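First the structure, in the form of structure tokens, and then the observations on it.
The values are calculated or read from the model by the stated rules, or taken from the named source; none is laboratory data. As the structure is a prediction and not an experimental result, all values here were calculated from the model. Here the Cβ positions follow ideal geometry from the backbone for every residue, glycine too, while neighbour counts run over all protein chains shown. SASA here: full protein model, heavy atoms, side chains in, ligands and nucleic acids out. Shrake-Rupley method; radii C 1.70, N 1.55, O 1.52, S 1.80 Å.
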Amino acid sequence: MIVVNKAAIAEDFFKLSTGIAGEVMQKLVNYGYRLAIVGDFSHYESKALQAYIYENNRGVHLYFVANEKEALNKLGDGKWTQNN
């Protein structure tokens, strides 16, 4: 499991036409990793990207979340609490 701040990711990742997000997703699936990207994604206007974020957040490999606590909850199947 990996948690990454959105600021550490190149903006081209969020332009689906580059194919970077798809390549990363494929590697995550192939190698059994789970990734949560932490940040504010509300300023992206691309409907395709919004759909991509929505669908990935429903899956099990890649999540786009607002904060680290949410990332840990997603990656830990909701087992993270304030006491951890």
Practice task
For residues that are modelled with pLDDT of 95 or more and among the acidic types (D, E), scanning just the stretch 46-84, find the one that is farthest from M1 (Cα to Cα).
Solution key: E55
Practice task
Kindly provide the set of residues from the stretch 5-19 that are exposed (fewer than 13 other Cβ atoms within 10 Å of the Cβ) and assigned to a helix (DSSP H, G or I), ordered by number.
Solution key: A7, A8, E11, D12, S17
Completion exercise
Selection from the stretch 63-81 of residues outside any loop (DSSP other than H, G, I, E, B) and open to solvent by 50 Å² or more (accessible area, probe 1.4 Å) yields E68, K69, E70, L72, K74
Exercise for the section: Can you tell me which residue within the stretch 1-48, out of those that are under 16 Å from A66 (Cα atoms) and β-branched (V, I, T), is nearest to the chain's Cα centre (by Cα)? Expected result: I37
Problem - Output for the stretch 49-62, where each listed residue is part of a helix (DSSP H, G or I) and open to solvent by less than 60 Å² (accessible area, probe 1.4 Å) - result: L49, A51, Y52, I53, N56, N57
Exercise for the section: Evaluate the following for Y33: is it open to solvent by 70 Å² or more (accessible area, probe 1.4 Å) and assigned to a helix (DSSP H, G or I)? Expected result: no
Handout entry: Candidates G39, G22, filtered to the one that is of a type outside the set (F, W, Y), open to solvent by less than 90 Å² (accessible area, probe 1.4 Å) and out of contact with any strand residue (DSSP E or B) (no Cβ under 9 Å at 6 or more places or on another chain)
Key = G22
